[in-house]
1. Please specify each residue of the stretch B:185-195 satisfying the condition of being under 28 Å from B:ARG35 (Cβ atoms), more than 14 Å from chain A (Cβ to nearest Cβ) and within 16 Å of DNA strand C (Cβ to nearest atom).
2. Report yes if A:ARG202 is at pLDDT 95 or above and within 13 Å of DNA strand C (Cβ to nearest atom), otherwise no.
3. Does the stretch B:175-190 hold any residues that are surrounded by 14 or more Cβ atoms within 10 Å (Cβ to Cβ) and more than 8 Å from DNA strand D (Cβ to nearest atom), and which are they?
4. Taking B:GLY54, is it small (Gly, Ala, Ser) and modelled with pLDDT of 90 or more?
5. Quick test of your reading of the structure: B:PRO212 fulfils all but one of (1) within 26 Å of A:THR157 (Cβ to Cβ); (2) buried (at least 16 other Cβ atoms within 10 Å of the Cβ); (3) near DNA strand D (Cβ under 10 Å from one of its atoms). Name the failing condition by number.
6. Consider A:MET1 against the criteria (1) closer than 22 Å to A:THR82 by Cβ; (2) of a type in the set (A, V, I, L, M, F, W, C); (3) not in a helix (DSSP H, G or I): it satisfies all of them except one. Which criterion is unmet?
7. When you check B:PHE136 against the structure, is it within 16 Å of DNA strand C (Cβ to nearest atom), surrounded by 17 or more Cβ atoms within 10 Å (Cβ to Cβ) and in contact (Cβ under 8 Å) with a residue 12 or more places away in the chain, yes or no?
8. Looking at the stretch A:191-209 only, could you name the residues that are within 13 Å of DNA strand D (Cβ to nearest atom) and of a type in the set (S, T, N, Q)?
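The values are calculated or read from the model by the stated rules, or taken from the named source; none is laboratory data. Quick caveat, the model's predicted, so the values are computed rather than measured. Neighbour counts are summed over all protein chains in view; Cβ atoms, including those assigned to glycine, are modelled from backbone coordinates with ideal geometry.
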There are 2 protein chains.
Amino acid sequence: MTKVLVVDDEPQIVRTLRINLTARGYEVATAGDGRDALRVAAAVRPDVVVLDLGLPDMDGSTVIEGLRGWTAVPIIVLSARTDSGDKVAALDAGADDYVTKPFGMDELLARLRAAVRRASASVPTGEAAVVETDAFTVDLAAKKVLRDGAEVHLTPTEWGVLELLVRNKGKLVGQKQLLQEVWGPAYASETHYLRVYLAQLRRKLEPQPSRPRHLLTEAGMGYRFEA
Amino acid sequence: MTKVLVVDDEPQIVRTLRINLTARGYEVATAGDGRDALRVAAAVRPDVVVLDLGLPDMDGSTVIEGLRGWTAVPIIVLSARTDSGDKVAALDAGADDYVTKPFGMDELLARLRAAVRRASASVPTGEAAVVETDAFTVDLAAKKVLRDGAEVHLTPTEWGVLELLVRNKGKLVGQKQLLQEVWGPAYASETHYLRVYLAQLRRKLEPQPSRPRHLLTEAGMGYRFEA
DNA sequence: GAGTGGCGTCAAGATCTCGTCATGGCCCGT
DNA sequence: ACGGGCCATGACGAGATCTTGACGCCACTC
């Protein structure tokens, strides 16, 4: 879940933001002043920070610099000041965006989404893209399959079938769905293709192709991948 | 030097921006409508795009999507509309920031700096800029390739292909992705180019061009670089 | 026990894709 | 104007992949 740190000294605003963000599935942490903000940020490691500039204890730029000293988390600045000098100072200090109060909730949320999207896109997509069984390993990102340490070559269609099954690990995937997503909408009833390609995959991947343990058939329904 | 693409149909604005940006050391390219914008973006590969939403030929979101189809370049939207619906739509379509006209040049420049800073920070610079194989060495930073101690000369296109493959070491890179990122979004299906350039790269780099060990083909899918 | 439907296996021809070479056009510096 | 480097494009054989049909097996039904 995406964690948002809201920093503002006006309880009114904090409350409004908390309600709106929580309702949209964000996890919300809050801080009422600069010291607090830095402390909480270090503790909860938010995915994005919404920071009011008019804090009682320290200057906004100081907070930004305090955060930037150790994290690249997106910072969206809120401020009542419309003066362009303030905006420039905050942005150059390391803020990602600057919204002037009063602000529209829709807009803030959209800017927040944009900031989060950017941040997550820049992180080289996590290792979660590797699925292992005791017989072989599938790397979804690299489109590679390893068996006994050696790479197994798959054709585009074989890969398409395997990928769809692996992405739905443990779930039953209907024949129609497989055919439509791999071959295209016009092939929804060519069930013969599936038999041929599942056999090929088993021959390449299963220790005992005739007794599959990972690429399983659900007669009359479809196929299932189990780790 | 940082390249900025300015897209606006009002010559006045384009002129003002060009002057200000050039004075601050940016390299400026311009486009007057959406079609132009996509074409120029593919050609000059800007580091940031400033995009006016009120273009004569196409909807702003369409332009954003057209860019997002193949590049993650930061997009700063300019618009006379203050309506929050427009802002939300543009940001959700993939824009990074939204500035309403009339805008302060200082602010725009600060937002532009913030966008560029973010984008360059997300590309880990020190990240293994040198990749070695037992046959040749690729220096991503210096854009050089060494083989048996001697420098191998590559044409810009050859380098573009090799760089993309090496940066995705071990991963399969789809032919569409290669074509779009090296030649531009309009060339997504010119698979013949790939065959020609991969052959040239192999001739220059592989000990046995007909039996490549580092620049591998995955028939029907794409190519892969292995060290 | 025969019939039926779904499945797995195999192999061969059709089709798509790849590597290679050759050619002509374009741009740029001389 | 003249080369030289670079890119786009066409032709074709070789190879990889897909499609298709035939056949046997199994489980279940009648």
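1. If we filter the stretch B:185-195 for residues that are under 28 Å from B:ARG35 (Cβ atoms), which is where we start, we get B:185-194.
Remaining after also requiring more than 14 Å from chain A (Cβ to nearest Cβ): B:185-190, B:192-194.
Those that are under 28 Å from B:ARG35 (Cβ atoms), more than 14 Å from chain A (Cβ to nearest Cβ) and within 16 Å of DNA strand C (Cβ to nearest atom): B:TYR187, B:ALA188, B:SER189, B:GLU190, B:HIS192, B:TYR193, B:LEU194.
2. Values: at pLDDT 95 or above: yes; within 13 Å of DNA strand C (Cβ to nearest atom): yes.
Criteria met by A:ARG202.
3. Selection gives B:GLN175, B:LYS176, B:GLN177, B:LEU178, B:LEU179, B:GLN180, B:GLU181, B:VAL182, B:GLY184, B:PRO185, B:ALA188.
4. On the way: small (Gly, Ala, Ser): yes; modelled with pLDDT of 90 or more: no.
The answer is no for B:GLY54.
5. Single failed check for B:PRO212: (3).
6. Against the list (1) closer than 22 Å to A:THR82 by Cβ; (2) of a type in the set (A, V, I, L, M, F, W, C); (3) not in a helix (DSSP H, G or I), A:MET1 comes up short only on (1).
7. Numbers: within 16 Å of DNA strand C (Cβ to nearest atom): no; surrounded by 17 or more Cβ atoms within 10 Å (Cβ to Cβ): yes; in contact (Cβ under 8 Å) with a residue 12 or more places away in the chain: yes.
Judged against the criteria, B:PHE136 is not a match.
8. Result: A:THR191, A:GLN200.
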